[in-house]
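Asks: Okay, here's the structure, questions in a sec.
The values are calculated or read from the model by the stated rules, or taken from the named source; none is laboratory data. Predicted model only: the values in this text are computed from it and were never measured. Glycine gets a Cβ as well: all are built from the backbone with ideal geometry, and neighbour counts include every protein chain shown. Ligands, DNA and RNA are stripped out before the accessible areas are found, and what is left, the full protein with its side chains, is counted by its heavy atoms. Shrake-Rupley method; radii C 1.70, N 1.55, O 1.52, S 1.80 Å.
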Amino acid sequence: MDVSCLAMLLDASFVLNSIKTTSSNLQVSSTTQVMAHALLQKWGYDGFRKHCDGISQIYRNRRDIFEAALRRHMTGLAEWTSPVAGMFVWFKLRLPPTNDSPEGDSEVVIVTKALEKKVLALPGTSFFANGRKTAYVRVSFSMLGEDDTDEALRRLALVVKEAQLSP
């Protein structure tokens with residue numbers, strides 16, 4: 001293969017990768033665009049806004065329920081800031097320091113101990129590109145009802161208390 005053919009192949013590969021990147025990163029899929037258009041045609045902008053306001057209120061209520069349960073069960077065991085958007089709460093567990101992290105490591109606590117008690121959360125290390133250890137945890141409040149939220153955080157509090165006592 002001569003140099004000009006190789007250059008053409010490299011150029012073609014670059015163009016194909018650019019097209020893939022453009023279609024996946026720079027624009028919404030055509031299907032989603034058609035769905036959004038149909039929705040706006042049916043509801044209009046005011047109807048869409050009314051729907052968004054209603055959904056926002058639902059998630060705001062769920063966040064408030066979650067935070068009330070956090071205060072009830074996790075005060076003194078974790079630190080958090082109330083989220084102003086989204087469906088997740090990030091909080092920092094007060095854990096004993098480890099060799100890898102002076103603030104503690106939520107991974108062992110969440111992946112083993114909390115899961116054993118049927119509490120599902122994500123350790124903060126999952127969100128670091130370098131996988132560094134951290135005491136942070138991310139939890140979704142969007143799907144649970146009030147009773148399940150309260151029970152999950154009660155169980156998580158027991159797990160954190162056990163972790164604080166173990167060397």
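Asks: What number of residues within region 69-82 satisfy the criterion of being outside any helix (DSSP H, G or I) and either crowded, with 19+ Cβ neighbours inside 10 Å or in contact with a Phe, Trp or Tyr (Cβ under 7 Å, 6 or more places away or on another chain) (or both)?
Replies: Of the residues in region 69-82, 4 are outside any helix (DSSP H, G or I) and either crowded, with 19+ Cβ neighbours inside 10 Å or in contact with a Phe, Trp or Tyr (Cβ under 7 Å, 6 or more places away or on another chain) (or both).
Asks: Inspect region 47-68 for any residue being modelled with pLDDT of 85 or more, of a type outside the set (Asp, Glu), farther than 30 Å from Asn130 by Cβ and not in a helix (DSSP H, G or I) and give the result as yes or no.
Replies: No - not one qualifying residue is present in region 47-68.
Asks: Still on this structure: Among the numbered conditions (1) part of a loop (DSSP other than H, G, I, E, B); (2) open to solvent by 60 Å² or more (accessible area, probe 1.4 Å), tell me where Trp90 comes up short.
Replies: Every listed condition holds for Trp90 apart from (1).
Asks: Next question. So which residues in region 112-166 are of a type in the set (A, V, I, L, M, F, W, C), open to solvent by less than 60 Å² (accessible area, probe 1.4 Å) and more than 18 Å from Gly86 (Cβ to Cβ), if there are any at all?
Replies: Those that are of a type in the set (A, V, I, L, M, F, W, C), open to solvent by less than 60 Å² (accessible area, probe 1.4 Å) and more than 18 Å from Gly86 (Cβ to Cβ): Ala114, Val119, Ala135, Ala152, Leu153, Leu156, Ala157, Val159, Val160, Ala163.
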